[in-house]
Amino acid sequence: MIEIKQVRKSYGSLEVLKGIDLTIDKGEVVAMIGPSGSGKSTLLQCINGLETISSGEIIVDGVSVFDKATNLNHLRRKLGIVFQSYNAFPHMTVRRNVTLALTKVLGVSRDQANAIAETQLQRVGLLAKADVYPTALSGGQQQRLGIARALAMGPSYMLFDEVTSALDPELVAEVLATLRQLSAEGMTMILVTHEMQFAREVADRVVFFHEGVIAESGPPEQIFGNPKSERLRAFVSRAG
Amino acid sequence: MSYNFQFGIVLDALPDLMQGAALSLSIAIVTMAVGIVLAMPLAVGSWNGKGLVTFLSRSWIELARNTPCLAQIYFFFYGLGAFGIFLSPWLAVGIALCFNNAGYLAEIFRGGLKGVNANQMKGARSLGFGPVGAYRYVVFPQVFTNTFSSIGNQFIWALLNTSLGALIGLYDLSGVAMDYQSRTFKTFEFFLAIAVIYFILAKLVLFLANRFKPGGARHAA
Amino acid sequence: MPPDMFASGIAPQDYWLMAEGAWRTILMTLSAGVLATLLGVALGLLKLMPWRGLRHLLDTVTDSLRCVPLLVQVTLIYSGLAVLGFRIGAFTAGMVALGLFAAGYISEVVREAAQAVPGNLRRAARGLGMTRFQEYWYVVLPLGIRQGFPSWLGIILGIVKDTSVVAVIGYVELLRATQNIITRTQDPLPLLSLAAVFYFLICFPLSMLGRRLEHMMNGGAVR
Ligand SMILES: Nc1ncnc2c1ncn2[C@@H]1O[C@H](COP(=O)(O)OP(=O)(O)OP(=O)(O)O)[C@@H](O)[C@H]1O
Ligand SMILES: [Mg+2]
């Protein structure tokens, strides 16, 4: 369970998150939508401590993320994250991208790591590309590599940050297929997305961000079918 | 012109010169290797460290870059005497060049660190790497690739700087030449010969560097 | 402070000797710097001319200068000129060696700076009816100087530090003067530190200035 309590965060004088409360249960798929700059990426990166918060608390499976005693490196293994901009490691092959943390962080043997990598690359349809360097991949392939890399660590939660936003429409489908499969397998996920149709289809709950607060949240039918606030209605109709 | 060139003497001295060259090259290689290892934390510390760490690493870098290499060698050879430490010439030159290389390389790496996208760090940290692991496995391999030719140039500098050791009695390539010239007074012949040897060594280093230059988009075999 | 600090035998006139050495370091830097700049600019411009053979020749020469230690070059020039029958002093030999060494680097800076001037600006100049000379004088030169200045400054700083090498042929600049005193007094640390401070005080501010200018040119704000 991920509990986000009264989280605030500022960059200098700019307050980006203004008191966020959100709880995500095991097995739940939560979609986060909202206009650009509303703080979605920031919140996602706060959940695994890549960004710090100004006040409030985030608790993952009973462990407080920003507690000094918490071993963040340890905690992050539970929380897979796939970034908005793809960030494959360009100096190693696709396979090594996946096995690196397995061998160096988890201490898995080379053979075992390779086996895990192959399973995960197979799952995202990249096995054929295992031995090329990421520069030789398309955007959609790089994004799927990011997914495989995160999944290989065996996380309990997956955080996806607009993994389709930088992609051409034909590539979007292949990444969404992977996400759909994951949700079917019961993975707990937080998805930041601009794909309303997709959010509607896979999410158990949709959270609408606006200017650093959660302006509205509820099941997809309610959010998309019967938005309460004017802002959400405008956003949904604009996003199509 | 009545000067009588005697390159025969140089030929006789060739085995000694070769030994000197081997010492010069070894010192360059070792001090570069140590320099690279030291330069990594220095670069990171001076780039986004805090307080004392930044101050110390910046001081190291600026001292190494803004005082003559020969003064650095003198410091380790003569200067440490004040603390009762007396180093042999090769140790003094070795330590001084490690200090010097580390300073220059750290400045090179600092530039390289700026060139590596911040997302790479986040990507590594998100997989559970600590800062050291992230720098070691993800960031620095990319810095090395991006700064490869500058590292090669620094290697040449290191090689040329070993010649300063001759001034404190190191028996490197220049030291051997100085020794012979003091006995034979054939300064020009000996220094022309070692100029050629230095040139060949430097070109060899550049050739090897080019040979093993990491490519942009590589494909595994 | 070691108790024998004042018993070490550093006399007041020793500081005077060091000051003299410092002055010679400055003198050598200025002379070699002027020589290197004039020669380097000339070589750089020649390398920019459309004469292929000449360019290759100059490239080979300046490139070779970078592959041989300055210590060896200084000694070679000093002894070589003596062999040829020219009786020159250590100062001249040092100046020539340092000047040549740095000129090679400056010629590269000149070439890169000129090539960094956008081609369309140069074509525009020619389009306005300027001659080739005018194109260089009014367009390439002012823009190129701005571009190349930080690198040039870096090379001049290199000369400040490299003057210490000229000691090998007996020119008593700062470091050699310091070493002479050390040999007599056997008290190296304070004197060496003093010498290091002298170099640092000259080099550090200028290298900061160079970095700042470079930063500005790369579009960043002055911090
Ligand atoms: N490192 C940073 N320093 C300063 N401001 C930042 C930083 N990162 C983000 N911001 C600011 O924080 C705000 C929220 O950014 P965030 O990336 O979380 O928005 P987002 O909802 O993910 O937007 P998008 O849909 O465009 O990805 C923005 O105004 C952004 O400019
Ligand atoms: Mg975002």
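Points worth noting:
Residue by residue, here is whether (1) without any contact (Cβ under 8 Å) to a residue 12 or more places away in the chain; (2) within 16 Å of the chain's Cα centre (by Cα); (3) open to solvent by 50 Å² or more (accessible area, probe 1.4 Å) holds:
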position	(1), (2), (3)
B:55	yes, no, yes
B:82	yes, no, yes
B:93	no, yes, no
B:98	no, yes, no
B:121	no, no, no
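- Some residue of the range A:169-184 being away from ligand 2 (no atom under 16 Å from the Cβ), assigned to a loop (DSSP other than H, G, I, E, B) and open to solvent by 10 Å² or more (accessible area, probe 1.4 Å): no
- Set B:28, B:43: member being in contact (Cβ under 8 Å) with a residue 12 or more places away in the chain, open to solvent by less than 10 Å² (accessible area, probe 1.4 Å) and more than 30 Å from residue C:183 (Cα to Cα): B:43
- Restricting the range A:119-165 to residues that are over 16 Å from residue A:102 (Cα atoms), assigned to a loop (DSSP other than H, G, I, E, B) and open to solvent by 50 Å² or more (accessible area, probe 1.4 Å), the residue that is farthest from ligand 2 (Cβ to nearest atom): A:131
- Any hit, the range A:18-34, residues being near ligand 1 (Cβ under 9 Å from one of its atoms) and without any contact (Cβ under 8 Å) to a residue 60 or more places away in the chain: no
- Hits in the range B:173-210 - residues which are under 20 Å from the mean Cα position of the chain (by Cα), open to solvent by less than 60 Å² (accessible area, probe 1.4 Å) and facing chain C (nearest Cβ under 10 Å): B:173, B:174, B:194, B:195, B:197, B:198, B:201, B:202, B:205, B:206
- Every condition in (1) in contact with a helix residue (DSSP H, G or I) (Cβ under 7 Å, 6 or more places away or on another chain); (2) open to solvent by less than 60 Å² (accessible area, probe 1.4 Å) is met by residue C:89 except one, and the failing one is (1).
- Summed over the range A:220-231, residues that are outside any helix (DSSP H, G or I) and surrounded by 14 or more Cβ atoms within 10 Å (Cβ to Cβ) total 1.
- Lone qualifier among A:236, A:213 - being closer than 23 Å to residue A:3 by Cα, within 16 Å of ligand 1 (Cβ to nearest atom) and among the aliphatic types (A, V, I, L, M): A:213
- Residues in the range C:68-86 that are within 23 Å of residue C:161 (Cα to Cα) and in a loop (DSSP other than H, G, I, E, B) were compared, and the one that is least open to solvent (accessible area, probe 1.4 Å) is C:69.
- Number of the condition not met by residue C:82 [criteria: (1) over 23 Å from the mean Cα position of the chain (by Cα); (2) away from chain B (no Cβ under 14 Å); (3) not charged (D, E, K, R)]: (2)
- Candidates in the range A:34-51 are the residues that are open to solvent by less than 10 Å² (accessible area, probe 1.4 Å) and of a type in the set (S, T, N, Q); of these, the one that is nearest to ligand 2 (Cβ to nearest atom) is A:38.
- Residue within the range A:149-158 that is within 14 Å of another protein chain (Cβ to nearest Cβ) and within 16 Å of ligand 1 (Cβ to nearest atom) present: no
- Answer residue from the range A:52-69, given it is within 16 Å of residue B:126 (Cα to Cα) and open to solvent by 30 Å² or more (accessible area, probe 1.4 Å) and is farthest from ligand 1 (Cβ to nearest atom) among those: A:66
- Among residues of the range A:10-25 being open to solvent by less than 10 Å² (accessible area, probe 1.4 Å) and within 16 Å of ligand 2 (Cβ to nearest atom), the one that is farthest from the other protein chains (Cβ to nearest Cβ) is A:20.
- Meets criteria (touching a Lys or Arg at 6+ places or on another chain (Cβ under 9 Å) and surrounded by fewer than 16 Cβ atoms within 10 Å (Cβ to Cβ)) for residue A:28: no
- Within the range A:92-113, the residues that satisfy the criterion of being open to solvent by 40 Å² or more (accessible area, probe 1.4 Å) and within 14 Å of chain B (Cβ to nearest Cβ) are A:95, A:96, A:104, A:106, A:107.
- Only one of the numbered conditions (1) within 16 Å of ligand 1 (Cβ to nearest atom); (2) within 13 Å of chain B (Cβ to nearest Cβ); (3) at pLDDT 95 or above is violated by residue A:85, and that is (3).
The values are calculated or read from the model by the stated rules, or taken from the named source; none is laboratory data. Please read all numbers here as calculations on a predicted model, not as lab measurements. Note that each Cβ is placed from the backbone with ideal geometry, even for glycine, and that neighbours are counted across all protein chains shown. Accessible surface areas use protein heavy atoms only, side chains included; no ligands, DNA or RNA. Shrake-Rupley method; radii C 1.70, N 1.55, O 1.52, S 1.80 Å.
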